[in-house]
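Working notes for the structure below.
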Amino acid sequence: LSLGRVLGSSDRKDQEKNFSLILKQISFLQNDARLEKEKNEKMFKGLGILIGLAIVIILL
């Protein structure tokens, strides 16, 4: 649902329902983004440590 398409095209009650739906979608997307960030954060930290160790081994 795109807010731009429905904004101003209906009465107040419909606008409030649309805003409520948009806010729920944003909340859902924020939660998904947070979970993906946490998953990727662990992976990139581990990858950074491994690359750092590889560089140290190569320099030795």
Selection status of residue 44, of a type in the set (Phe, Trp, Tyr) and either touching a Phe, Trp or Tyr at 6+ places or on another chain (Cβ under 8 Å) or closer than 17 Å to residue 2 by Cβ (or both):
no
Any residue in region 12-38 that is free of Cβ contacts under 8 Å to residues at least 12 places away in the same chain and more than 13 Å from residue 2 (Cα to Cα) sitting within a Cβ distance under 9 Å of a residue that is part of a helix (DSSP H, G or I) and not polar (S, T, N, Q)? List the pairs, counting only those 6 or more apart or interchain.
14/6
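Every residue, every condition in (1) acidic (Asp, Glu); (2) surrounded by 10 or more Cβ atoms within 10 Å (Cβ to Cβ); (3) in contact with a Pro (Cβ under 9 Å, 6 or more places away or on another chain), yes or no:
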residue: 2; (1), (2), (3): no, no, no
residue: 7; (1), (2), (3): no, yes, no
residue: 10; (1), (2), (3): no, yes, no
residue: 14; (1), (2), (3): yes, yes, no
residue: 21; (1), (2), (3): no, yes, no
residue: 28; (1), (2), (3): no, yes, no
residue: 40; (1), (2), (3): no, yes, no
residue: 46; (1), (2), (3): no, yes, no
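Values quoted throughout were computed directly from the atomic coordinates according to the rules given, and no laboratory measurement underlies them. Just so you know, these numbers come straight off a predicted model, no measurement behind them. Methodologically, a virtual Cβ is constructed for each residue, glycine included, from the backbone with ideal geometry; neighbour enumeration extends over all protein chains shown.
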